[in-house]
Every structure is written in structure tokens, then in C-alpha cells.
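Worksheet: one structure, shown below.
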Amino acid sequence: MPAIRIEIDVPQKFTINIEADTTEQLQNSFEIAVSQTKDLMENVKNGTKFISIKEAAKQLGWSEPTVQELFSRADFPSCDFAKKKVVELSAFLKYFSVPRRK
């Protein structure tokens, strides 16, 4: 099975692990990961410290209802800001740097 490991140091180090059944799937996954990482790095460069459910959904490629469920989990580092749930960018990166399985 083709696999790739990317280590990035954006204010803190995080790792993206990609596994795929074919080289083509690996290439597609890699391109998505690069695009999402560029977006996250742009947030850091612009001084964005928190991201919303909508921004997290875009970064993860998940639906907003799925990300809302994630933000409601006890082990996810989100907080309420006014009437909006947000997560600190560094905590978001750290959370996804640890492999999790259901």
C-alpha cells in the first residue's frame, strides 16, 4: 500500500499521514493535504488564532454537521465564543496530529 508522511512546522510541528490503495489515490490525497496545509499556514501568517466550524469543515473536507459533532466531543479542544464554537488553531493542529480510530 503506497504511503506518505509529511512533517510541517507551522507554529508547532504536526504530521500528516496519508495511506492509499493506489498511487493515483495517494497523489490525489497528497494534493488535497498540500492545499489544506497552505490554507492553514495562511491563517497562521495572517494572525488567525481561532477557527470556526465552517473553517474547520473546509480544512477537513467534512460537512458542517459532522464538524459540529466533532466540536461537541469532550476530547476535542473547542470552546464557546459568544454564540459560536471555535477552536484555537494550534490545538486543532495538535488534535489531528494524533492518530485516532473509532
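We did not get these values from a lab; they are worked out from the coordinates using the rules stated. Treat the numbers as computed from the prediction; the structure is a model and nothing was measured. Please note: Cβ atoms are built from the backbone with ideal geometry, for glycine as well, and neighbour counts cover all protein chains shown.
Work through the residues other than residue 58 whose Cβ is under 11 Å from its Cβ and net out their charges, Lys, Arg +1 and Asp, Glu -1. Don't skip to the answer; put the middle values down first.
On the way: positive: 54; negative: 39, 55, 64.
Its environment carries a net charge of -2.
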Region 77-84 - phi-based ³J(HN,Hα) in whole Hz, Karplus 6.51/-1.76/1.60, Gly and Pro as x: x, 8, 9, 8, 10, 6, 9, 10
Amide H partners (placed H, <5 Å) of residue 50, local residues excluded: 89
